[in-house]
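K.L.:
Submitted below is the structure of interest, expressed as structure tokens.
The values are calculated or read from the model by the stated rules, or taken from the named source; none is laboratory data. In this text the structure is predicted, and so the values were computed from the model without any measurement. Reconstructed Cβ throughout: ideal geometry from the backbone, glycine too, with neighbour counts over all protein chains shown. Just so you know, the surface numbers come from the protein's heavy atoms only, side chains and all, with ligands and any DNA or RNA stripped out. Shrake-Rupley method; radii C 1.70, N 1.55, O 1.52, S 1.80 Å.
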Amino acid sequence: MLFFRLARFLALPLLPLFVFDGPKRPKYKRNKKVMGAQHPLLPSFREMIKAFGFEYHQAPGEAEAELAYLNRLEIIDVILSDDVDNFLFGANLVMRNPSATLSGNRAHAIRNADGRDDGKHVVLFSAEKIRQHEAVGLTHGGFILIGLLSGGDYDTRGLTNFGLKTAHALARAGLGDSLVRIFEYVSPEDMQDNRLPMAVQHALTEWRAGFRHYLSTDPDKLIGRKLKALANTFPEWFPPLEVLSAYVHPVTSESRGHVPEFHWPLQPSLKSLANCCELHYEWGVRPLIIKRFRTVIWPGAFMRVLRAAVMQGDEKEANMTRRSGVTFTPTSGRRTVDMAVGTPSRLISRILSRMEIHSQRDDVDPFSDDYVPPTVDEPLAVKIHSERKHASTDHMLEYRLEIAPAQFVRITEEGLLHLRREDSIDVANFGRRQMLLPDEFGDLYEEEKEDDKKSKSEPNDHMRLWVPACMLEMVHPALVEEYEEKINAKLRREQEKIQRAIDRAEGRASPKKARAKGGGGGAKKGKGRNVDDKHS
């Protein structure tokens, strides 16, 4: 399933960073002992991540805490997570995993503008909006207090009779923030060994008294009733210092005084991906790899090429501006043809293969036996067929673009080692078999089934993709202008047809029909006589 999960990320407009738990992570989580040894699949996982052109990072401790730290530094924009536990570590923005396998997503499906669950929309949770929301009003400290009272990853039980509603009310009252402030400057070693300075012990005693008083009196009416009995049973040992320390002082790059650096310009390598699939998957033979890449990999690979072309065009404009002092501003969001870089073979090779396709030296004699004629590539982007504004992309203008994947095929095949014979697997029927994929990958399988329903497609057969208009206008403005001219010409023909119908209905001669054929080798102009008059 890893291949399909990463393939889905490749097709999305984002740059993923995968963060793995480190050796200093807590020893117990969700009442289970955390495995100390490295997972046996981790090396192949990292190899696949690198082949897709994504980043990965080894956290010193808990991955969720490291992600929250990177999010606060704005090294990453958002955290993709199955839950919102990242807020307990101070995250700013969390994207809930849209997978259909999560029960919460099935119960509360995210719908598009047409009211349908298309699996292409997500929910974002902002710490700032949560804090400002009148009915929620949770801060970082409030999240921690709820985790301590009602249960969290490091102590699933919490305190007896402290349900989520009561814990939320106490968090809104600011008791979580005041608790965190007490331990802000206490070392994690002292907290775990219960060696608290006298000043901290005194502040903690006062905090417990204030906690009990709030339970007993409910002064702000946030709880909804006075809980005197619950206040009398509130334990003296609360909070559990080891659990609180894991939230307040997690082991991260920040606690180690380190700021990680990442190389975001990494790009996918079709060669490496083909090699990984050949080594690790049952379907790792040439025909099935090419077939699967057509539906699962190449659409995302094309978007990466398009993105690189937009950025290269930006760099070209910046260089021109520095040399000439003139700022180049695209007209209506579109680059001029001379400023657009297009998608040439050299760019595709640099982006998707990490090496030049043609490595032959320029000094090779073209008449020698060693000379290999260079491959003349068909342009990657061929033509635009149609346009749409669909609810799945929030009615953003898209073009239906025809592409020629011959270069993708060649780069992919260059990565194959041909470790298995093609007749070692039933290639003809493998793609027709229902794959054991969860619902979240169902659309990828549906694409393969649609490909099967069509006539037997060859690897180099042209494909059609929906592409954001804003990107294509910056990379291939000539194709856009050609398409718009075709649409305008069609509209003109339709308008002329309507006008001719109106003219016939009203007995007027239309300009097009006002010409009559003459004899004797030349055309003669009719004198106001409609060609249809000969039938009257």
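K.L.:
Alpha carbons only, please: Rg and Dmax for segment 149-251, in angstrom.
P.N.:
Considering segment 149-251 through its Cα atoms, Rg and Dmax are 13.7, 39 Å.
K.L.:
In whole angstrom, how long is each semi-axis of the equivalent ellipsoid of segment 167-314, when you take the square root of 5 times every eigenvalue of its Cα gyration tensor and sort them from largest down? Could you put the intermediate results ahead of the total?
P.N.:
Working: eigenvalues 620, 88, 62 Å².
After diagonalising the Cα gyration tensor, the semi-axes are 56, 21, 18 Å.
K.L.:
When the accessible area of segment 176-265 is computed with all protein chains present and a 1.4 Å probe, what percentage of it is carbon and sulfur?
P.N.:
Numbers: 2830 of 5380 Å².
Answer for segment 176-265 is 53 percent, counting heavy atoms of protein chains only.
K.L.:
How are the C-alpha pair distances of segment 377-416 spread across 5 Å bins, as whole percents from the shortest bin up?
P.N.:
Result returned by the calculation: 6, 21, 16, 15, 14, 13, 10, 5.
K.L.:
Also: Starting from the eigenvalues of the Cα gyration tensor, five times each then square-rooted, give me the equivalent ellipsoid semi-axes of segment 458-506, largest first, whole Å. Before the final figure, lay out each step's value.
P.N.:
Working: eigenvalues 245, 46, 13 Å².
Calculated on Cα positions only, the semi-axes equal 35, 15, 8 Å.
K.L.:
What spacing in nm lies between the two simple spin-label points modelled at VAL34 and VAL136, each 7 Å away from Cα in the Cβ direction?
P.N.:
Calculated label separation equals 2.7 nm.
K.L.:
Another question about this same structure. FRET efficiency for HIS418 and LEU102, Cβ-Cβ distance as r, R0 = 25 Å, nearest 0.05? Please report the intermediate quantities before stating the final value.
P.N.:
On the way: r = 40 Å, r/R0 = 1.61.
Once rounded, the FRET efficiency stands at 0.05.
K.L.:
Could I ask something else about it? Subtract the Cα-Cα distance of MET396 and GLU506 from 0.36 nm times their separation in residues, and report this length gain in nm to one decimal. Write out the running numbers ahead of the final one.
P.N.:
Details: separation 110, 0.36 × 110 = 39.60 nm, distance 4.23 nm.
Answer, rounded to one decimal: 35.4 nm.
K.L.:
For segment 195-331, with every protein chain kept in place, what is the accessible area per residue (1.4 Å probe, Å²)?
P.N.:
Each residue of segment 195-331 exposes 50 Å² on average to a 1.4 Å probe.
K.L.:
Over the alpha-carbon set of segment 1-72, divide Rg by the Kirkwood Rh and report the Rg/Rh ratio to two decimals.
P.N.:
Result for segment 1-72 is an Rg/Rh of 1.00.
K.L.:
Now for a different question. Between GLU74 and GLN192, what FRET efficiency comes out of the Förster formula 1/(1 + (r/R0)^6) with R0 = 30 Å and r the beta carbon distance, rounded to 0.05? Don't skip to the end; give the middle numbers.
P.N.:
On the way: r = 31 Å, r/R0 = 1.03.
After rounding to 0.05, the efficiency reads 0.45.
K.L.:
Still on this structure, I have one more. Sort 268-275, 305-312, 110-117 by the packing proxy (mean of other Cβ within 10 Å over each peptide's residues), most packed first. If you can, show how the numbers build up before the last one.
P.N.:
Details: 268-275: 22.9, 305-312: 19.8, 110-117: 12.6.
Highest mean packing first, the order is 268-275, 305-312, 110-117.
K.L.:
OK, next. Assuming 0.692 mPa s and 37 °C, estimate D for segment 91-149 with Stokes-Einstein, Rh taken as the Kirkwood radius over Cα pairs, in µm²/s.
P.N.:
Numbers: Rh = 13.3 Å.
Diffusion coefficient, whole number: 248 µm²/s.
K.L.:
Output the peptides 123-129, 16-22 sorted from most to least packed, where packing is the average of other Cβ atoms within 10 Å over each peptide's residues.
P.N.:
On the way: 123-129: 14.0, 16-22: 18.1.
Descending mean neighbour count gives 16-22, 123-129.
K.L.:
Solvent-accessible area per residue for segment 1-121 at a 1.4 Å probe radius, Å²? Please list the in-between numbers first.
P.N.:
Working: 6500 Å² over 121 residues.
Result: 54 Å² per residue.
K.L.:
For LYS497 and ARG111, what does the FRET efficiency come to when R0 = 25 Å and r is the distance between their Cβ atoms, rounded to the nearest 0.05?
P.N.:
Values: r = 41 Å, r/R0 = 1.63.
E between LYS497 and ARG111, to the nearest 0.05, is 0.05.
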